[in-house]
């Protein structure tokens, strides 16, 4: 089930929004073609549109379902298939996310920049931003030369 934020994000692009409107207006579905595949992909991933039998069809109940029940875990809406799809700009969800990511690093152990990159790249392509946020929040410490990172033994608990 997509979060309300994920649905809004999928429709935030004007071209995708217009495409979604065309799909909604088509009684028998909008014929799929190569020109619309890129626009449709994000909408299909969000659950707003289905692709079957060569046609795109709207899934209006996805809005009701997204609002019906908030995820039990506040981080659930940030991940899809184990990958981070949104990095909160601030607030409690961001703190929870950073605490969750910090748990990937063993306290007291030193990691090279490559180690940190690999661990964070498994979650999100923008590993540099995640690393910077972890360092800024004191959940990872960086050596003076920038070549080694470590999770402090007494890391602050996010939240």
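The values are calculated or read from the model by the stated rules, or taken from the named source; none is laboratory data. This is a predicted model, so every value here is computed, not measured. Ideal geometry is used to build each Cβ from the backbone, glycine not excepted, and the neighbour counts take in all protein chains shown.
Against the condition touching a strand residue (DSSP E or B) at 6+ places or on another chain (Cβ under 9 Å), in a helix (DSSP H, G or I) and touching a residue at least 40 places away in the same chain (Cβ under 8 Å), how does residue 6 come out, does it pass? So residue 6 passes the test. Residues in the range 14-35: is at least one within 18 Å of the chain's Cα centre (by Cα) and within 22 Å of residue 85 (Cα to Cα)? Within the range 14-35, none of the residues are within 18 Å of the chain's Cα centre (by Cα) and within 22 Å of residue 85 (Cα to Cα).
Every condition in (1) surrounded by 12 or more Cβ atoms within 10 Å (Cβ to Cβ); (2) in contact (Cβ under 8 Å) with a residue 40 or more places away in the chain is met by residue 67 except one, and the failing one is (1). Taking residues in the range 26-45 that are without any contact (Cβ under 8 Å) to a residue 12 or more places away in the chain, and partners anywhere that are part of a helix (DSSP H, G or I) and surrounded by 14 or more Cβ atoms within 10 Å (Cβ to Cβ), not one pair has Cβ atoms closer than 6 Å while being at least 6 places apart or on different chains.
Evaluation of residue 121 against the conditions (1) modelled with pLDDT of 90 or more; (2) touching a strand residue (DSSP E or B) at 6+ places or on another chain (Cβ under 9 Å) shows that the sole unmet condition is (2). The single condition among (1) within 30 Å of residue 149 (Cα to Cα); (2) surrounded by fewer than 17 Cβ atoms within 10 Å (Cβ to Cβ) that residue 99 does not satisfy is (2). The requirement of being modelled with pLDDT of 95 or more, outside any loop (DSSP other than H, G, I, E, B) and surrounded by 11 or more Cβ atoms within 10 Å (Cβ to Cβ) is not satisfied by residue 93. Restricting attention to the range 63-90, the residues that are closer than 21 Å to residue 126 by Cβ and assigned to a helix (DSSP H, G or I) add up to 3.
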